[in-house]
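Inspection log for the structure reproduced underneath, given as structure tokens.
The values are calculated or read from the model by the stated rules, or taken from the named source; none is laboratory data. Nothing here was measured: the structure is a model prediction, and the numbers come from that model. Virtual Cβ from ideal backbone geometry, glycine too; neighbours counted across all protein chains shown.
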Amino acid sequence: MTAHPRSATHTRHVATIQKKDFLWCLAPLVIWALCWLFLPEPGLFLYLNHTARLLPDIVWVSFNMLGNGWSAFALLSPLLVLAPRLLIGAMFAGAIAGALSRWPKHVLEMPRPAGLLDHSTFYILERPLTSFAMPSGHTLTAFAVLSGIYFAMDRHRRKPFLWLFLIAALGGFARIALGAHWPSDVFAGAALGIFGGILGGHFSNHLPDTVVQNTSWLMRLIGFGAALCAYMLITTKIDFKIAEPVQYLFAIIAIASVTIFVWRSFRLAKQLN
């Protein structure tokens with residue numbers, strides 16, 4: 001047999017979606033069911049909300065930022081330089097999961113804790129939210145982008161990065177700690193987020209190598225998006241006033257990443273010329 005050379009559009013990754021990957025989506029729902037058996041709502045929410053007071057607000061606000069699109073993109077912007085394919089997986093995962101969350105939120109219109117419980121019985125940071133509880137959009141975003149990174153990796157390299165799911169879980173727990181969501185909202189958001197992460201990672205795996213190079217139109221567009229995230233984080237309040245220092249830190253990360261990305265792009269363009 002004659003070996004054929006790789007084409008310019010060859011996809012580096014060969015990983016495909018396997019049925020067992022979707023079992024990840026069931027994990028949050030199984031944990032939710034087990035929790036419900038021992039401590040149903042609203043007891044579970046109140047217990048977790050009160051327990052979270054062991055740590056200061058800034059801790060939970062920081063993890064909460066993982067669920068905001070602007071801040072999540074800014075935090076992950078170093079992947080522009082380090083691993084662009086993983087960043088693309090995270091971005092597409094977030095977009096897919098975000099689209100999936102719109103329908104249940106507006107159809108179910110389920111009340112949040114502040115819409116049912118006496119506000120004196122649990123902790124709420126700043127303005128209470130009362131409606132559109134299920135699923136938690138912040139949790140969904142956190143799980144989508146981080147699992148998008150995970151599933152965009154080569155299958156045999158994923159295991160050391162299981163900690164990404166722990167970080168996403170802390171982002172979801174922050175919504176309970178800050179009084180914004182029921183645990184059921186968080187678990188549902190996690191399940192949908194992982195589903196989006198699987199699809200986003202699969203899409204990223206099958207992009208041609210030329211698309212993830214610094215000089216491609218997609219990467220330039222993503223670089224512009226990272227710069228826009230930095231601008232939004234500097235000029236706009238994201239969720240909570242107390243989060244401003246974290247916003248500025250994430251903005252600095254995005255600015256540094258875009259600067260390095262632009263420098264490398266110009267350097268590569270000169271080499272090609």
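Can you confirm whether region 29-51 contains a residue that is part of a helix (DSSP H, G or I), modelled with pLDDT under 95, within 30 Å of ASN205 (Cα to Cα) and in contact with a Ser or Thr (Cβ under 8 Å, 6 or more places away or on another chain)? No, every residue in region 29-51 fails to be part of a helix (DSSP H, G or I), modelled with pLDDT under 95, within 30 Å of ASN205 (Cα to Cα) and in contact with a Ser or Thr (Cβ under 8 Å, 6 or more places away or on another chain). Selection of first residues in region 234-251 that are buried (at least 19 other Cβ atoms within 10 Å of the Cβ) and at pLDDT 95 or above and of second residues that are basic (Lys, Arg) and part of a helix (DSSP H, G or I), restricted to Cβ pairs under 7 Å at least 6 apart or on distinct chains, gives an empty result. ASN214 falls short on exactly one of the conditions (1) in a loop (DSSP other than H, G, I, E, B); (2) surrounded by 24 or more Cβ atoms within 10 Å (Cβ to Cβ), and that condition is (2).
Checked against the criterion of being outside any loop (DSSP other than H, G, I, E, B), within 23 Å of the chain's Cα centre (by Cα), small (Gly, Ala, Ser) and surrounded by fewer than 18 Cβ atoms within 10 Å (Cβ to Cβ), the candidates ALA93, ALA99, ALA74 yield just one match: ALA99. Taken over region 116-161, the residue count meeting the criterion of being of a type outside the set (Gly, Ala, Ser), under 20 Å from the mean Cα position of the chain (by Cα), within 23 Å of GLY179 (Cα to Cα) and in a loop (DSSP other than H, G, I, E, B) is 3. Each residue in region 91-141 was checked for being among the aliphatic types (A, V, I, L, M) and within 25 Å of GLY43 (Cα to Cα), and 11 of them qualify. Per the listing ALA269, ALA251, ALA226, ALA256, the residue uniquely assigned to a helix (DSSP H, G or I) and within 16 Å of the chain's Cα centre (by Cα) is ALA226. Being touching a residue at least 24 places away in the same chain (Cβ under 8 Å) and polar (S, T, N, Q) is the filter; apply it to region 40-71 and report the residue that is surrounded by the fewest Cβ atoms within 10 Å (Cβ to Cβ). This residue is SER62.
Somewhere in region 52-67, is a residue of a type in the set (D, E, K, R) and not in a helix (DSSP H, G or I)? Looking for residues that are of a type in the set (D, E, K, R) and not in a helix (DSSP H, G or I), one finds none in region 52-67, hence no. Taking the criterion of being in contact with a helix residue (DSSP H, G or I) (Cβ under 6 Å, 6 or more places away or on another chain) and among the small types (Gly, Ala, Ser), the residues of region 217-261 that qualify are GLY223, ALA226, ALA227, ALA230, ALA243, ALA251, ALA254, SER257.
Yes/no matrix, rows are residues, columns are (1) out of contact with any Ser or Thr (no Cβ under 8 Å at 6 or more places or on another chain); (2) crowded, with 22+ Cβ neighbours inside 10 Å; (3) closer than 24 Å to ALA27 by Cβ:
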site	(1), (2), (3)
ILE124	yes, no, no
THR130	yes, no, no
ARG155	yes, no, yes
LEU166	yes, no, yes
SER184	yes, no, yes
GLY189	no, yes, yes
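Do we find that ARG175 is among the charged types (D, E, K, R), touching a residue at least 40 places away in the same chain (Cβ under 8 Å) and either surrounded by 22 or more Cβ atoms within 10 Å (Cβ to Cβ) or over 27 Å from PRO135 (Cβ atoms) (or both) in this structure? Judged against the criteria, ARG175 is a match. When LEU178, LEU192 are checked against the criterion of being more than 17 Å from ILE88 (Cβ to Cβ) and modelled with pLDDT of 95 or more, LEU178 stands alone in meeting it.
Only a single item in (1) closer than 22 Å to THR236 by Cα; (2) in contact (Cβ under 8 Å) with a residue 60 or more places away in the chain is not met by PHE92, and it is number (1).
Which of the residues spanning region 220-273 are β-branched (Val, Ile, Thr) and closer than 21 Å to ILE88 by Cβ? Once the filter is applied, which keeps residues that are β-branched (Val, Ile, Thr) and closer than 21 Å to ILE88 by Cβ, region 220-273 yields ILE222, ILE253, ILE255, VAL258, THR259, ILE260, VAL262.
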